[in-house]
Amino acid sequence: MFDYAARQRRLSGLLEQEGIDALFLAPSADLEYLTGVERQLPIFGEVSYAHGWVTGALFRPGREPVFLFPRMFAAFDLRDEPRGEVVVVHETDDGGALFERIARGIGGRGAIAVGDRVWADTTLRLGRAVGFDRLRTGTDLVNTLRRTKDADELAAMGRAIGTVERAMAAVAPLVQPGVTMLELAGAVEHELLAAGSRTPSFPTHIFTGLDADSYDSHTSTARDPIPSGTAVMFDFGGVVDGYCSDFGRTVYCGDPPEDFLAGYEVMLAGYEAGKAAARAGARASEVNAACREPIEDAGLGEHFRHRMGHGIGMNVHERPFLSAEDETPLEPGMTFTDEPSLIVPGRWSLRIENIIVVEEGGGRSLNSYPAALTINR
């Protein structure tokens with residue numbers, strides 16, 4: 001499905017260009033992107049194996065990667081053996097000696113890059129083997145490759161988007177007086193899995209605002225039934241073939257007041273302005289400003305309290321960001337969330353969120369779910 005060899009060749013060229021002798025990556029979106037070695041499903045604690053700290057792969061320019069796997073990882077977590085040299089470390093092996101042998105085999109005098117997800121124990125052992133003065137962070141290198149998506153990646157993201165849109169269509173009618181945020185969150189996650197998502201891409205969040213007494217699936221009000229006249233905001237995502245979606249809509253339970261409907265139109269204007277501005281060559285901060293402009297002009301700027309969006313792909317949040325501080329020039333194929341929201345304390349809250357891809361003439365939405373407000377009377 002994905003051309004891992006081509007991705008590794010691009011990395012090899014980048015390592016040579018940057019004067020880097022090797023890059024070590026632990027299980028992560030970066031490693032999955034380059035090799036197809038799938039990440040484990042996220043859990044609250046940590047899965048622990050003997051020699052678990054060795055898990056990862058070493059990439060060197062012009063050579064196939066060297067993978068190090070504890071036996072338990074190779075036996076239970078590795079779906080397909082990746083292309084390259086595979087070293088399996090058994091429980092009774094001297095993992096430190098094996099790792100040191102491979103690290104010392106890097107040679108050269110250039111930098112050794114380390115991914116952000118590498119254990120501190122691994123980094124320390126690597127530093128002792130090759131010299132701490134050679135170490136540098138390496139995740140930014142792979143981000144350079146990952147930030148623009150090709151047609152296969154966009155198709156995978158489209159499949160992930162399909163799972164959230166099917167879930168939203170199934171759950172929206174449940175927003176009725178008496179339902180709880182916990183019930184809605186459970187229904188969303190059930191429908192996500194039924195639609196083909198491997199897992200939620202982040203903790204599903206169903207809420208009505210940020211006040212202490214707001215209904216929220218993450219707080220003590222999660223089990224409280226909502227009354228008529230409540231706007232419910234959805235924020236959730238799915239994962240298909242390693243790629244994430246991130247999605248949001250608002251459903252109003254009852255008859256929305258006029259100021260709410262007016263606010264919704266302002267929010268949509270911000271969404272459309274940001275999308276139109278997300279053209280190749282624009283700076284990320286400029287796109288964020290374009291999204292904010294209609295909201296500021298309507299006197300609601302203080303109630304739009306976050307950025308327009310963030311990069312998205314194999315991680316649900318990736319750089320660059322569509323935010324005030326990010327001056328990254330946008331390139332065709334970059335993908336971002338477009339998620340203006342208005343949360344007015346003590347009055348009302350509303351949000352929308354789609355994924356857009358940067359093109360020459362502006363952003364294009366990858367979503368097909370209607371942007372219009374859903375009203376359940």
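The values are calculated or read from the model by the stated rules, or taken from the named source; none is laboratory data. Everything numeric in this text was worked out from a predicted model, so none of it was measured. Cβ atoms come from the backbone with ideal geometry, glycine included; neighbour counts cover every protein chain shown.
Quick notes on this structure:
- Test: residue in segment 225-235 that is in contact (Cβ under 8 Å) with a residue 24 or more places away in the chain, under 29 Å from GLY361 (Cβ atoms), small (Gly, Ala, Ser) and not in a strand (DSSP E or B): no
- Of the set (1) part of a helix (DSSP H, G or I); (2) free of Cβ contacts under 8 Å to residues at least 12 places away in the same chain, all apply to ALA212 but (1).
- Exactly one residue out of ALA103, ALA74 is under 30 Å from SER197 (Cα atoms) and either in contact (Cβ under 8 Å) with a residue 12 or more places away in the chain or of a type outside the set (Ser, Thr, Tyr) (or both), and it is ALA74.
- Pick from segment 356-368, criterion assigned to a strand (DSSP E or B) and out of contact with any helix residue (DSSP H, G or I) (no Cβ under 6 Å at 6 or more places or on another chain), ranking: farthest from GLY248 (Cα to Cα): GLU359
- Looking across segment 1-31 at every residue that is under 24 Å from the mean Cα position of the chain (by Cα) and charged (D, E, K, R), the one that is farthest from ARG117 (Cα to Cα) is identified as ASP3.
- Within segment 137-153, the set of residues being among the hydrophobic types (A, V, I, L, M, F, W, C) and either under 14 Å from the mean Cα position of the chain (by Cα) or within 17 Å of THR35 (Cβ to Cβ) (or both) comprises LEU141, VAL142, LEU145.
- Pick from segment 205-252, criterion within 24 Å of ALA156 (Cβ to Cβ) and aliphatic (A, V, I, L, M), ranking: surrounded by the fewest Cβ atoms within 10 Å (Cβ to Cβ): VAL240
- Set side by side, the residues ALA172, ALA160 differ, and just one is under 25 Å from TYR215 (Cα atoms), in contact with a strand residue (DSSP E or B) (Cβ under 6 Å, 6 or more places away or on another chain) and assigned to a helix (DSSP H, G or I), which is ALA172.
- Selected residue [surrounded by 15 or more Cβ atoms within 10 Å (Cβ to Cβ) and under 28 Å from the mean Cα position of the chain (by Cα)] from LEU41, LEU34, LEU98: LEU34
- Residues of segment 76-87 that are aliphatic (A, V, I, L, M) and either at pLDDT below 95 or crowded, with 16+ Cβ neighbours inside 10 Å (or both): LEU78, VAL87.
- Selected residue (criterion: surrounded by the most Cβ atoms within 10 Å (Cβ to Cβ)) from residues of segment 118-144 that are assigned to a helix (DSSP H, G or I) and of a type in the set (S, T, N, Q): THR122
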